[in-house]
Amino acid sequence: MATGINRRNFIKELSVLAWLARAPGQLAAQAATIPLQRLAAEKGLMFGSCLALKYCVQSSAYQQLFVSQCDIATPELHMKWNSLSDQPGVYDFENADKFVAFCTANHIRVRGHTLVWHDALPAWVAPQLTTAGGQKIMTDHIRKVAGHFAGKLYSWDVVNEVLDPGSHRPDGLRDSPWLQNCGVDYIELAFRTAAAADRNALLVWNENYLELSNGFGRAKRTAMLTLLDGLLAREVPIHGVGLEAHLRAEQATVLGDASYEAFLGELARRGMKIFITELDVQDVTLPAAAGARDQAVAEIYGRFLSASLRQPAVRAIVTWGLSDAFSWIAGYRPRKDGLPVRPLPFDANFQPKAAYYAIAETLKSAVQRG
Ligand code: XIL
């Protein structure tokens, strides 16, 4: 295993060196940037990011940064239902296949994302739910997509964001098209169908806002643990939990406290592997000055990750992008002063920011995984 990791890093470093030879101006800064995946691997962890192929088309420097920093990756778009299919039952895997080929060629594991979600559905799904029946639509989709990639993925986010205290249900489930059309057992059915279609991928429940130690986050934690107990009692094949961790600077005070660590402990006690899956920090409420802003963002990365990594069941840190040049936060939660957002570890010129160093330091002081 150790040899495998060293070989992988060696090959990656060779390709980074080849790129540096073509970009002498970047040499000093990049040479000083230790790949986060290497620091993670030294502790038995993985480090990665989401990626959309268009970013690599726009910037070969970004592609090189990605390959050097990451040993795990999530397709930002390419495996979502509306990226795969615009007509009933007709699937186009071209971009998703390219994504997997790119990752495989660069020794990067792939997190499949995502099979069952209330969002990113093609227009044809809603009418079919009422005529053909929800369960058939859902299971056909899982068989088709998980079957297509069987044996090639590290994990699947089988269900995504299925809890919502705002739906005001005692079980905490989101009042989604899947719940409405498949019944409350749709999560169980989704995991069983995914397991039959791909016997190798780790099967993950990916969820947002679990990391918040406020009323909303605590309600989600309680609902998840209760639902997990039921699923595990029925021997449903579920292997892990993903914590999205789209953090907001203004919520710094409800991040990484003892109740969060206790929750991670409860997941671990139930045998769950834990993944931080979509980490970024929204900076809309922070000062305009880049230095002060980067420092505040870095402190949040550091605080959240050091609390997370104290739990040995946490196996990977995946950020939702690497560079501020390519972040969904620019559209999702832009700054009111119109300045570019700075939510990620590398700046828009691919140089490491304070957040990079905070992640690096947290990895260096993480406990060794078995
Ligand atoms: C986001 C992408 O980053 C955007 O480009 C897209 O427009 C919307 O989806 N939770 C998830 C991710 O699970 O798939 C979402 O990704 C962000 C929130």
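Every number here is computed from the coordinates shown, using simple stated rules; none is lab data. Treat the numbers as computed from the prediction; the structure is a model and nothing was measured. No Cβ is skipped: glycine too gets one built from the backbone with ideal geometry, and neighbour counts run over all protein chains shown.
Could you tell me how many degrees, from 0 to 90 and to the nearest 10, lie between the Cα long axis of helix 290-309 and the main elongation axis, the longest principal axis, of the Cα atoms of the chain?
Computed tilt is about 60 degrees.
Taking DSSP loops as anything outside H, G, I, E and B, show the longest stretch in the chain free of trypsin sites (Lys or Arg not before Pro) there with at most 11 other beta carbons within 10 Å.
Details: sites that count: Arg199, Arg234, Lys336.
Between the exposed loop sites, the longest stretch runs 1-198.
Report Rg (one decimal) and Dmax (nearest whole number) for the stretch 114-253, counting Cα atoms only, units Å.
Here Rg and the maximum Cα pair distance are 15.2, 47 Å.
Relative to the Cα centre, what is the charge dipole magnitude of the chain, using +1 at the beta carbon of each Lys and Arg, -1 at the beta carbon of each Asp and Glu, and rounding to the nearest 20 debye? Could the numbers behind the result be given before it?
Details: 38 positive and 36 negative charges, 165 e Å.
The dipole magnitude comes to about 800 debye.
Remind me, relative contact order of the stretch 71-219 in percent, using alpha carbon pairs under 8 angstrom and six or more residues apart? Each step should come with its number before you reach the end.
Details: 225 pairs, mean separation 35.7, N = 149.
Computed value for the stretch 71-219: 24 percent relative contact order.
Taking only C-alpha pairs under 8 Å that are 6+ residues apart, what is the relative contact order of the chain in percent?
On the way: 654 pairs, mean separation 57.9, N = 370.
Worked out over the chain, it gives 16 percent.
I'd like to know which of Val341, Val184, Pro122 lies farthest towards the positive end of the charge dipole of the chain, counting +1 on Cβ of Lys and Arg and -1 on Cβ of Asp and Glu.
Farthest towards the positive pole: Val341.
If each Cα of the stretch 56-177 is one equal point scatterer, what is log10 of I(q)/I(0) from the Debye formula at q = 0.09, 0.21 Å⁻¹?
Each listed q corresponds, in turn, to -0.30, -1.19.
Let me check the size of the stretch 74-141 from its C-alpha atoms; what are the radius of gyration and Dmax in Å?
Over the stretch 74-141's Cα set, Rg and Dmax evaluate to 13.3, 44 Å.
Positive end of the dipole of the chain, charges at C-beta (+1 Lys, Arg; -1 Asp, Glu), about the Cα centre: which of Phe275, Ala288, Leu36 has its Cα farthest in that direction?
Leu36
Counting other Cβ atoms within 10 Å, which GluC sites (Glu not before Pro) in the stretch 211-292 have at most 14 and lie in a DSSP loop?
On the way: sites: Glu211, Glu235, Glu244, Glu250, Glu261, Glu266, Glu278; in loops: Glu211, Glu235, Glu244.
Of the GluC sites (Glu not before Pro), the ones in loops of the stretch 211-292 whose Cβ has at most 14 other Cβ atoms within 10 Å are Glu235.
For the stretch 115-186, take the convex hull of the Cα atoms, compute a quarter of its surface area, and give me that in nm², please. Before the final figure, lay out the partial values.
On the way: hull surface 21.4 nm².
The number I arrive at for the stretch 115-186 is 5.4 nm².
Quick check: from the Cα gyration tensor, does the stretch 295-345 come out rounded (a/c under 1.5), prolate or oblate? Spell out each step's value before the answer.
Details: a/c = 3.18, a/b = 2.03, b/c = 1.56.
Taking the square roots of the gyration eigenvalues as a ≥ b ≥ c, the stretch 295-345 is prolate.
Need one number: convex hull volume per residue for the stretch 245-370, Cα atoms only, in Å³.
Working: hull volume 12.5 nm³, N = 126.
So the per-residue Cα hull volume is 99 Å³.
Helix 215-233 against the longest principal axis of the chain: what's the angle in degrees, Cα atoms only, rounded to the nearest 10?
Orientation of helix 215-233: about 60 degrees from the principal axis.
Per residue, how big is the convex hull of the stretch 314-370 when only Cα atoms are used? Give it in Å³.
Values: hull volume 5.5 nm³, N = 57.
Given the Cα convex hull of the stretch 314-370, per-residue volume reads 96 Å³.
Excluding same-chain pairs closer than 8 in sequence, count the lysine pairs in the stretch 44-157 whose Cα atoms lie under 22 Å apart.
Count of close lysine pairs: 11.
Just need the relative contact order of the stretch 241-302 here, percent rounded to a whole number, with Cα pairs under 8 Å and 6+ apart.
On the way: 58 pairs, mean separation 29.8, N = 62.
It comes to 48 percent, rounded to a whole number.
P(r) of the chain in 10 Å steps, Cα pairs, percent per bin?
Binned Cα distances yield the sequence 5, 24, 34, 26, 9, 1, 0.
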